Amino acid sequence: MAPESATAISSDETNTPWKSVAALTGGILATACAPILVKWAGVPGPASALYRLLFAALVIVPLWLVRRRVWPVQRDVVWAAVAGTLLAANFAFLNSALLLMTAAEATLIAGSAPLWVGV
């Protein structure tokens, strides 16, 4: 028989915090509505990608600066900048494609990219 501590479930594990569920729901809605909103905006793809990432950075960077404990090493900052640049390029291409085809087609193509990389 397993010891008591191994089988006991704490109250934190059984009750999902409402903030987590709300954040997940908001993220799902924002991700699902983004292609339609970009298509309705009608601005060039790189411009809408710039504003999409700029507004996200205006929220995330101040929170990170307040909560940070240790400044990251330079190598990590470089890799984060590379990843951010590639994400911006991905958004720019996706947003440009949204103006040329339907939102469903562009989202399907962008979402299936990991499959093509794997092939």
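The values are calculated or read from the model by the stated rules, or taken from the named source; none is laboratory data. The model shown is predicted, which means the values in this text are computed figures rather than measured ones. Cβ sites come from the backbone with ideal geometry, for glycine too, and all protein chains shown count toward neighbours. Only protein heavy atoms, including side chains, enter the accessible area calculation; ligands, DNA and RNA are left aside. Shrake-Rupley method; radii C 1.70, N 1.55, O 1.52, S 1.80 Å.
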Matching residues in region 7-26 - criterion: being open to solvent by less than 60 Å² (accessible area, probe 1.4 Å) and modelled with pLDDT of 85 or more
Ala22, Gly26
Just the residues that are under 13 Å from Ser96 (Cβ atoms) and of a type in the set (A, V, I, L, M), please, taken from region 33-66.
Val38, Ala41, Val43, Ala47, Ala49, Leu50
